[in-house]
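Peer 1: Can you keep this structure in mind? I'll have questions shortly.
What follows is calculated from the coordinates using simple rules that are stated; it is not laboratory data. A quick note: this is a predicted structure, and the numbers were derived from the prediction, not measured. Backbone-built Cβ (ideal geometry, glycine too); neighbour counts: all protein chains shown.
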Amino acid sequence: MGSSLAIHLKTHHADLEITALDNLHRRGAELNLPRLKSAGVKFEHGDIRCPSDLRFSKTDPELIIECSAEPSAQAGYGGSPEFLIQTNLNGCYHCLELARETGADFIFISTSRVYPVKRLNDLSFHETESRFVLNEQQTVPGASAEGISEGFPLEGARSLYGMTKLAGELMVTEYADAYGIRTIVNRCGLIAGPWQMGKTDQGVISLWVAAHHFKQSLKYIGFGGSGKQVRDILHIDDLCDLIDDQIQNPDQYSGRLFNAGGGLGGSLSLREMTGLCQRITGSTIPIASSVDDRPADIRIFLTDHRNLTAYRQWRPRRGPETVLNDIYEWIRREEKFLKPILASVS
């Protein structure tokens with residue numbers, strides 16, 4: 001996400017001086033370095049867990065986009081959550097401290113995972129041949145057939161990852177109030193597109209396309225093992241368009257929080273994604289089935305972005321088929337470098 005945002009903004013605003021900071025912890029992240037250099041984006045090897053790493057420049061930043069995170073909803077289960085907490089929670093705090101000291105504006109990339117798992121899974125739904133579908137009539141505020149709006153209740157457990165991002169949102173709100181920082185919070189649905197190094201616990205769209213291209217096996221996990229669980233998909237370029245608008249119109253957005261995602265029209269079940277991958281790649285691969293649910297898994301999540309659409313006329317312009325096609329073309333184009341990473345995922 002960070003590399004795509006940096007390149008998009010530099011491409012559309014050549015006069016901006018943009019620096020991307022990353023610790024290159026995620027395998028494949030190093031492949032972004034030539035792209036950043038070619039686009040004119042400076043790169044700093046650093047870690048937001050270390051406050052001193054953020055003081056790499058003598059020039060104060062005017063804007064900080066905080067999109068660094070350990071993004072897996074499975075993180076911390078069965079082991080220590082230390083890396084998750086230190087990166088997502090303390091990292092956000094360190095970035096906010098930099099904003100406080102320099103007066104920089106602050107855009108926080110949050111997640112739909114802030115919404116509680118049990119409340120989501122208890123919503124009324126029905127089943128079709130290919131997917132689970134939310135019913136229009138729901139007893140929980142903020143829920144409808146269109147998905148989950150910002151008014152959905154936040155009481156309840158949401159995953160360790162979701163907790164860190166919700167806590168980050170609260171810190172952003174308090175820093176804005178206490179120190180007069182202009183802030184924006186975007187609760188994003190499932191983000192996908194080229195250059196996302198998909199793994200079994202995060203980046204499912206890239207994982208699915210890569211498995212079909214490299215002819216590896218996959219598995220439907222949980223909710224009966226049918227592959228009918230549903231997510232809405234937001235193309236990274238649609239997110240870039242939104243952030244670009246926010247940067248150009250900070251006073252319009254300052255202090256606001258919005259859901260941003262693909263919505264009902266931009267959603268797929270795993271079963272539907274399999275069919276689309278087969279059509280795009282021309283490959284059919286074995287897909288196993290496991291009925292065992294994983295911690296924090298969700299049957300259906302759809303981002304209701306109607307508040308944002310009404311406020312700024314933003315809406316996703318690239319649907320799921322575009323997302324999968326773009327990922328497939330990227331994998332084909334960069335296969336030499338990606339095969340050791342994406343073809344070895346277990």
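Peer 1: Size of the dipole of the chain about the Cα centre, Lys and Arg at +1 and Asp and Glu at -1 on the beta carbon, nothing else charged, in debye to 20?
Peer 2: Charge dipole of the chain: 1000 debye, to the nearest 20.
Peer 1: To one decimal place, what orientation-averaged projected area in nm² is obtained for the convex hull of the Cα set of the stretch 223-282?
Peer 2: 5.8
Peer 1: Another question, if that's okay. Sum -39500 (n - 2.57) across every DSSP H segment of at least 4 residues in the chain, then divide by the residue count to get the 222 nm mean residue ellipticity, nearest 500.
Peer 2: My calculation for the chain gives -10500 deg cm²/dmol from helical runs alone.
Peer 1: While we're here: Got a sec? Charge dipole of the chain, +1 on Cβ for Lys and Arg, -1 for Asp and Glu; which of 221, 181, 142 is way out at the positive end?
Peer 2: The residue sitting farthest along the positive end of the dipole is 221.
Peer 1: Let me ask you something else. Taking N as the number of residues in the chain, what is its Cα Rg relative to 2.2 N^0.38 Å?
Peer 2: Working it through for the chain, the quotient is 0.96.
Peer 1: Counting only residues 5 or more places away or on other chains, whose amide H sits under 5 Å from the amide H of residue 300 once H atoms are built in the peptide plane?
Peer 2: 230
Peer 1: Oh, and also: Any idea how many Lys pairs in the chain come in under 24 angstrom at the alpha carbon, given 8 or more places apart or on separate chains?
Peer 2: The result is 21.
Peer 1: How long is the gain from residue 155 to residue 339 if the chain were fully straight, where each residue apart is worth 0.36 nm and the alpha carbon distance is subtracted?
Peer 2: 62.0 nm
Peer 1: Right, another one. If amide hydrogens are placed 1.01 Å from N in the peptide plane, which non-local residues have theirs closer than 5 Å to the one on residue 105?
Peer 2: 63, 64
Peer 1: Please quote Rg/Rh for the stretch 264-314 to two decimal places, taking the Kirkwood radius as Rh and restricting both calculations to Cα atoms.
Peer 2: Value, to two decimals: 1.12.
Peer 1: Let me ask you something else. State, as an integer percentage, the relative contact order of the stretch 1-144 based on alpha-carbon contacts under 8 Å between residues 6 or more apart.
Peer 2: 18
Peer 1: Once phi is turned into ³J(HN,Hα) by the Karplus curve 6.51 cos²θ - 1.76 cosθ + 1.60 with θ = phi - 60°, what whole-Hz value does each residue of the stretch 62-75 show in order, with x for glycine and proline?
Peer 2: Running phi through 6.51 cos²θ - 1.76 cosθ + 1.60 with θ = phi - 60° gives 8, 8, 10, 9, 9, 10, 8, 5, 7, x, 7, 6, 8, 4 Hz.
Peer 1: Continuing with the same structure: Please provide three numbers in whole Å: the alpha-carbon extents of the stretch 73-190 along the principal axes, with the largest listed first.
Peer 2: Largest first, the stretch 73-190 extends 54, 34, 24 Å along its Cα principal axes.
Peer 1: What list of ³J(HN,Hα) values in whole Hz, one per residue of the stretch 253-258 in order, does the Karplus curve 6.51 cos²θ - 1.76 cosθ + 1.60 (θ = phi - 60°) give from phi, with Gly and Pro shown as x?
Peer 2: Along the stretch 253-258, the couplings run 9, 3, x, 10, 10, 9 Hz.
Peer 1: A further question on this structure: Once amide H atoms are placed 1.01 Å from N in the peptide plane, what residues at a sequence separation of 5 or more from residue 131, or on another chain, have their amide H within under 5 Å of its amide H?
Peer 2: none
Peer 1: Over the Cα atoms of the stretch 243-346, each weighted equally, I'd like the Debye log10 I(q)/I(0) at q = 0.16, 0.20 Å⁻¹, rounded to two decimals.
Peer 2: So the normalised log intensities work out to -0.99, -1.16.
Peer 1: Along its three principal axes, how long is the stretch 1-129 when you only count alpha carbons? Whole Å, largest extent first please.
Peer 2: So the extents along the principal axes, rounded to whole Å, are 53, 34, 29.
Peer 1: Which whole-Hz ³J(HN,Hα) couplings does the stretch 48-61 yield from phi under the Karplus relation 6.51 cos²θ - 1.76 cosθ + 1.60, θ = phi - 60°, glycine and proline marked x?
Peer 2: 5, 6, 10, x, 5, 5, 7, 9, 8, 10, 7, 9, 5, x
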